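What follows is calculated from the coordinates using simple rules that are stated; it is not laboratory data. Because the structure is predicted, anything quoted here is derived from the model rather than measured. FYI the Cβ positions are ideal-geometry reconstructions off the backbone, even for glycines, and counts take in every protein chain you see.
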Ligand code: UGY
Ligand code: MN
C-alpha cells in the first residue's frame with residue numbers, strides 16, 4: 001500500500017531520519033539467509049557504516065573488513081571465533097577488533113544492530129580485544145543529574161576504543177537539558193517509545209524502529225513523549241583528536 005509519496009524520512013546535509021516505511025533490504029557479502037538495511041554509510045558523508053541485519057534461523061553474518069560492534073535487538077545469536085564461542089541474547093553485545101575472523105549464527109529469527117568503522121590507532125596504545133557483554137550488566141548513570149534520563153556506556157570508557165555506544169532511556173517527559181552541537185557524529189536507533197527530535201533547524205516526531213544520523217555539529221535535542229519510556233542506542237566517534 002503506497003502512502004501518496006508521504007514519509008517522515010528526511011535526508012538533509014547534516015542529518016538523516018530514516019523510517020521503516022523507507023527501508024530497502026539488501027544482501028551484504030558474507031551474509032547467508034539474512035538481509036541488511038543500510039542506515040548510513042560513507043556514501044552519505046558518515047565516517048562509519050551502520051546497518052540492521054535481519055537473520056532467519058540458521059542465518060549468518062560473516063566477518064568484517066574493519067572493527068565491528070553488534071547489539072542484539074531481537075532473538076539469539078551465536079558468536080564464533082577461532083578460539084571462542086558465545087551465545088548472545090537480546091540486549092547483549094559484542095565488540096570485535098579489526099581482523100578477527102568471526103561468524104554470527106542466528107538460533108532463531110534474530111535482528112542485529114551492526115556498526116563498522118576503520119580503527120584509528122592511538123600512538124602507544126594497543127587496540128582493544130574481543131569484548132562480549134550484556135546491557136543489563138552495565139551500570140546506569142543519570143545524565144547531568146537528571147534521574148529520568150539514564151545512560152549506559154555499553155563500551156567501556158577506555159582510550160583504546162575509538163568510538164562509544166550508549167543506550168539512553170528517557171522517562172516520559174524527560175528531555176536533553178540542552179541543544180547539543182558537537183564535533184562527534186551519531187548513529188541512533190530508536191529501540192522503544194518515541195518523542196520529538198530536533199535535528200538542525202527541524203523538529204521530527206520519532207518512534208521505535210526509526211534511525212537517525214547526525215553529522216558533526218548537527219544541532220540536536222530530544223524530548224520523550226507518551227506514557228512509556230523512550231530508549232535509543234547511540235553511536236559516537238570518541239577518544240580521538242579531531243584533526244587525526
Ligand atoms: O552522547 C551524546 O552526545 C548524546 N547526549 N547525544 C544525543 O542524545 N543526541
Ligand atoms: Mn550528542
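List of remarks:
- Whole-angstrom Cα spans of region 168-244 along principal axes, big to small: 43, 22, 20
- Expressed as a whole percent, the proportion of Cα-Cα pairs in region 130-208 lying more than 15 Å apart is 66%.
- Spatial separation of Cα centroids for region 100-157 and region 75-99, in angstrom: 12 Å
- Long-range Cα-Cα pairs in region 41-196 (distance over 19 Å), rounded percent: 59 percent
- Across region 174-191, the residues whose backbone nitrogen lies under 11 Å from the label position 7 Å along the beta-carbon direction of residue 217 are 182-183.
- Taking 7 Å steps out from each Cα toward its Cβ at residue 171 and residue 44 produces label points 3.3 nm apart.
- When you restrict to C-alpha pairs under 8 Å that are six or more residues apart and normalise by the size of the chain, the relative contact order lands at 17 percent.
- Residue exposure sequence - 202, 68 - by fewest surrounding Cβ within 10 Å: 202, 68
- Approximate spin-label separation residue 21-residue 183, in nm, with each point projected 7 Å along Cα-to-Cβ: 3.9 nm
- Counted by neighbouring Cβ atoms within 10 Å, the residues 146, 162 run from fewest to most as 146, 162.
- Simple spin-label estimate for residue 10 and residue 135 gives 2.6 nm between the two label positions (7 Å along the Cα-to-Cβ direction from each Cα).
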